[in-house]
Amino acid sequence: MGETIVIGLANGGVYGLLALGIVLVYKGSRVLNFAQGELGGFGLYIAWLLIEKVGMPWIAGALVAILACAVIGGIFERIVVRPMIDAPRLGVTVASIALLLFLTGLELKIWGTSPQILRAPIEGLGPQIFGFFFSPTRMLALGAVIAIGLALAVFLRRTDFGLGVLAASQDSAATRLMGIPLARVSSFTWVSAGALSALAALLIVPTVGVISPGLMTRLFIPGLAAALLGGLTSLPGAFAGGLAIGVIESTVGYVFVDSTFPGVDTVAVMLVIIAVLVIRPQGMLGRAVA
């Protein structure tokens, strides 16, 4: 059982990174970004092309991929989200689904359906905990989500611009009247979310094994569950929710290891989403939004 929990915590760190991006966009624009996962999936293909085909060092290819996803997030915000700044949030959410479908289609068009392999940033099995080898990549994922979550929390609460991001999530009209640049707030959240998506994808792909079109959309579901469980308005909640979802998913897989029911761990995650929406919509650490 100890091994199961360790595996869950390791996977939960990556879910937490995805959840951080979802929460950041929601805090900045009150939009649920359904393309959060596939932005990183597209970045994976860019990293694979540069590292495995061009021969660039892993870190250089990864940085270019993260930058590319940040740029895509920024372009989407500039040509789609910003013109809809006063539109109902549901419309922007639907637009994010269009971005998801566009990126998936682009992956199929350019790279086809054949799975591709991207090597891990750090090789080796890592220390053994409860019989499970905690790989350096998984340790890196956990460290990254803690560091990024803390940095974002400090930035949002201790700087004028960060407070502007938080204010924009409450009332965009009032924020505009206060002189806070909504365009910069919106751009910051979407650019940051794109970069976080790419980072999460790069850290989880050694665990998944191969890259394929739509890969990160499948992982978006536990990321969304983590954001909802922790609270869509809470960055620490995204981290805690990611760990909780990782452990729940791993435990269900362990308990029902002999089950013939396909995808029982995914069903458990979906049940968590439903339960949170019904019982406590604001999540464990979030605040109720008026």
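The values are calculated or read from the model by the stated rules, or taken from the named source; none is laboratory data. Note that the structure is a prediction, hence the values are computed from the model and not measured. Using ideal geometry, Cβ is built from the backbone for each residue, glycine included, and neighbour counts are taken over all protein chains shown. The area values use the complete protein model at the heavy-atom level, side chains included, leaving out ligands, DNA and RNA. Shrake-Rupley method; radii C 1.70, N 1.55, O 1.52, S 1.80 Å.
All but one of (1) part of a helix (DSSP H, G or I); (2) in contact (Cβ under 8 Å) with a residue 40 or more places away in the chain; (3) open to solvent by less than 60 Å² (accessible area, probe 1.4 Å) hold for T266; which doesn't?
For T266, the exception is condition (3).
If I filter the range 269-290 down to residues being in a loop (DSSP other than H, G, I, E, B) and not small (G, A, S), which single residue comes out as nearest to S29 (Cα to Cα)?
V289
When the residues of the range 177-191 are filtered to those that are within 21 Å of G149 (Cβ to Cβ) and among the β-branched types (V, I, T), which remaining residue is surrounded by the fewest Cβ atoms within 10 Å (Cβ to Cβ)?
V191
Which residues, counting only those in the range 10-63, are over 16 Å from A195 (Cα atoms), open to solvent by 30 Å² or more (accessible area, probe 1.4 Å) and either without any contact (Cβ under 8 Å) to a residue 12 or more places away in the chain or touching a Phe, Trp or Tyr at 6+ places or on another chain (Cβ under 9 Å) (or both)?
Answer for the range 10-63, where residues must be over 16 Å from A195 (Cα atoms), open to solvent by 30 Å² or more (accessible area, probe 1.4 Å) and either without any contact (Cβ under 8 Å) to a residue 12 or more places away in the chain or touching a Phe, Trp or Tyr at 6+ places or on another chain (Cβ under 9 Å) (or both): L32, L49, K53, V54, G55, M56, P57.
Which helices (runs of 4 or more DSSP H) does the range 1-101 wholly contain that include 1 or more residues that are over 21 Å from T137 (Cβ atoms) and of a type in the set (S, T, Y)?
2-29
If you scan the range 102-114, which residues turn out to be β-branched (V, I, T) and part of a helix (DSSP H, G or I)?
T104, I110
Which of (1) under 21 Å from G214 (Cβ atoms); (2) touching a strand residue (DSSP E or B) at 6+ places or on another chain (Cβ under 9 Å); (3) hydrophobic (A, V, I, L, M, F, W, C) is the odd one out, the single condition I46 does not satisfy?
(2)
Being surrounded by fewer than 24 Cβ atoms within 10 Å (Cβ to Cβ) and more than 28 Å from G231 (Cβ to Cβ) narrows it down to one of I75, I66, so name that one.
The conditions single out I75.
Suppose the filter is closer than 27 Å to G126 by Cβ and either in contact with a strand residue (DSSP E or B) (Cβ under 8 Å, 6 or more places away or on another chain) or surrounded by 16 or more Cβ atoms within 10 Å (Cβ to Cβ) (or both); does G194 pass it?
no
Give me the residue from the range 197-215 that is open to solvent by 10 Å² or more (accessible area, probe 1.4 Å) and touching a strand residue (DSSP E or B) at 6+ places or on another chain (Cβ under 9 Å) and, out of that set, modelled with the lowest pLDDT.
V210
For every residue, the table says whether it meets (1) open to solvent by 40 Å² or more (accessible area, probe 1.4 Å); (2) of a type in the set (F, W, Y); (3) modelled with pLDDT under 90.
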site	(1), (2), (3)
I79	yes, no, no
P83	yes, no, yes
S114	yes, no, yes
L118	no, no, yes
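What are the residues in the range 234-263 that are outside any helix (DSSP H, G or I) and in contact with a helix residue (DSSP H, G or I) (Cβ under 6 Å, 6 or more places away or on another chain), if any?
If the condition is that a residue be outside any helix (DSSP H, G or I) and in contact with a helix residue (DSSP H, G or I) (Cβ under 6 Å, 6 or more places away or on another chain), then F256 is the only one that fits.
Of the residues G283, G231, G223, G253, which single one is open to solvent by less than 80 Å² (accessible area, probe 1.4 Å), under 23 Å from E38 (Cβ atoms) and not β-branched (V, I, T)?
G223
So for the range 183-197 (the condition being more than 12 Å from the chain's Cα centre (by Cα), over 27 Å from G41 (Cβ atoms) and not in a strand (DSSP E or B)), does at least one residue qualify?
Within the range 183-197, one or more residues are more than 12 Å from the chain's Cα centre (by Cα), over 27 Å from G41 (Cβ atoms) and not in a strand (DSSP E or B).
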